[in-house]
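Heads up, the thing below is written out as structure tokens.
The values are calculated or read from the model by the stated rules, or taken from the named source; none is laboratory data. Model, not experiment: these values are computed from the prediction. We place every Cβ from the backbone using ideal geometry, glycine too, and count neighbours over all the protein chains shown. All accessible areas refer to the heavy atoms of the entire protein, side chains included, with ligands and DNA or RNA removed. Shrake-Rupley method; radii C 1.70, N 1.55, O 1.52, S 1.80 Å.
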Amino acid sequence: MDKFEELHVVNTRLLAELDRVCRLHGIRYYMDGGTLIGAVRHHGAIPWDDDVDVTMKRADYERAARVLEENGYEQEHGHNVSHHHYGYRKDGVSFELHRRLGIVQESDEATLELFEDGIERRQMVQIGSFRYPILPAELNGLVLMFHINQHLRSGLGLRQIIDWMMYLDRNDNLQELLPLLRKMGMEKLALTVTAMCQQYLGLGGMSEEAGDASAREALVTDPGAYPTQELMDYIYEKGNFGTKSGEEGKIASVFLIATNPLNLFKRLQAGGLQRWKAAGKYRFLRPFAWIYQIGFILRELVSHGISPRRFMRQHETGVRQRKLIRKLGLEIDRNIN
């Protein structure tokens with residue numbers, strides 16, 4: 001048995017244990033759609049460098065955290081300052097326990113209820129040696145597009161795009177998905193990504209299993225109507241297959257909201273809360289997390305040898321991202337945790 005096979009055995013065992021513990025305590029959850037597609041790509045095994053993301057109802061969130069800790073899962077990042085997920089680790093496997101998608105605001109009750117209803121209607125799929133609890137197909141598609149939307153701010157890679165391509169090829173729910181995308185303001189984003197996949201990545205017409213002709217035609221549109229070239233250029237510039245974009249990418253993302261001082265402050269504050277361990281421990285420090293984040297960015301500039309010229313290049317990248325996000329009909333200054 002090689003190293004990958006050994007890790008896969010541990011991974012599968014822990015996923016089975018997680019499912020057993022949750023069922024024992026009446027906790028229903030679903031696994032992230034990207035995690036599921038990663039398992040498909042790896043013949044049932046979740047890539048070992050990925051987090052395993054699980055999401056449950058808000059009412060079960062804190063209880064689920066206690067249950068995991070009672071069963072040997074160690075919290076990775078101390079106090080949960082992002083308010084929507086905890087990180088846990090056991091036997092080398094990282095889990096992220098979510099109460100909502102990071103891109104969905106706590107005040108967006110309608111969307112939160114939509115996904116909580118999806119947990120009640122969750123489905124089980126068999127991939128390799130493990131059965132995965134997943135959202136209904138139309139909500140899985142919505143999650144994948146949320147991921148693309150979110151990564152547009154920090155560094156969109158081909159991995160998220162290919163996940164969407166695989167979803168289109170395997171599902172027959174396009175008529176149900178389009179109204180949801182329209183309601184969430186992501187219809188143009190979805191159409192642009194799909195047209196880009198057709199133009200540059202070999203996505204053809206949907207498979208016969210992917211619904212009737214009218215549903216396929218509703219999503220496969222005239223590529224010339226959407227900024228496909230600009231989106232492809234952006235992905236090429238980021239130069240990754242879905243990995244983290246690095247500190248330069250984080251610096252560039254700051255410029256996305258530079259035109260709005262209030263949201264710039266919010267973004268700096270959120271970043272500081274995530275990085276500053278002392279702020280997680282001592283409440284009186286939390287109002288000053290934005291100062292810590294500014295210091296962090298300055299330290300990164302120095303440690304990575306980022307010259308003023310390279311710094312300005314990141315500013316230009318941020319400006320291009322803002323323009324692209326506007327063309328895609330998305331909000332620029334939305335504060336994403």
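Details
- Residue match in the range 144-166 (condition: among the aromatic types (Phe, Trp, Tyr) and within 22 Å of residue 188 (Cα to Cα)): yes
- Residue 251 satisfies every condition listed in (1) open to solvent by less than 20 Å² (accessible area, probe 1.4 Å); (2) among the β-branched types (Val, Ile, Thr); (3) at pLDDT 80 or above; (4) more than 23 Å from residue 184 (Cα to Cα) except (3).
- Residues of the range 107-136 satisfying the condition of being under 17 Å from residue 58 (Cβ atoms) and touching a Gly at 6+ places or on another chain (Cβ under 9 Å): 135
- Summed over the range 154-176, residues that are open to solvent by less than 10 Å² (accessible area, probe 1.4 Å) and closer than 24 Å to residue 326 by Cβ total 5.
- Residue within the range 309-332 that is modelled with pLDDT under 75 and not in a helix (DSSP H, G or I) present: yes
- Residue 256 being open to solvent by less than 30 Å² (accessible area, probe 1.4 Å), modelled with pLDDT of 85 or more and within 21 Å of the chain's Cα centre (by Cα): no
- Of residues in the range 271-284 being over 16 Å from residue 76 (Cα atoms) and buried (at least 19 other Cβ atoms within 10 Å of the Cβ), the one nearest to the chain's Cα centre (by Cα): 271
- Close pairs (6 angstrom Cβ cut-off, 6 or more residues apart or separate chains): assigned to a loop (DSSP other than H, G, I, E, B) in the range 260-283, aromatic (Phe, Trp, Tyr) anywhere: 276/292
- Residues that are surrounded by fewer than 14 Cβ atoms within 10 Å (Cβ to Cβ) and closer than 19 Å to residue 267 by Cα occur at least once in the range 299-309.
- Residue in the range 100-124 that is surrounded by the fewest Cβ atoms within 10 Å (Cβ to Cβ), counting only those that are among the small types (Gly, Ala, Ser) and in contact (Cβ under 8 Å) with a residue 12 or more places away in the chain: 102
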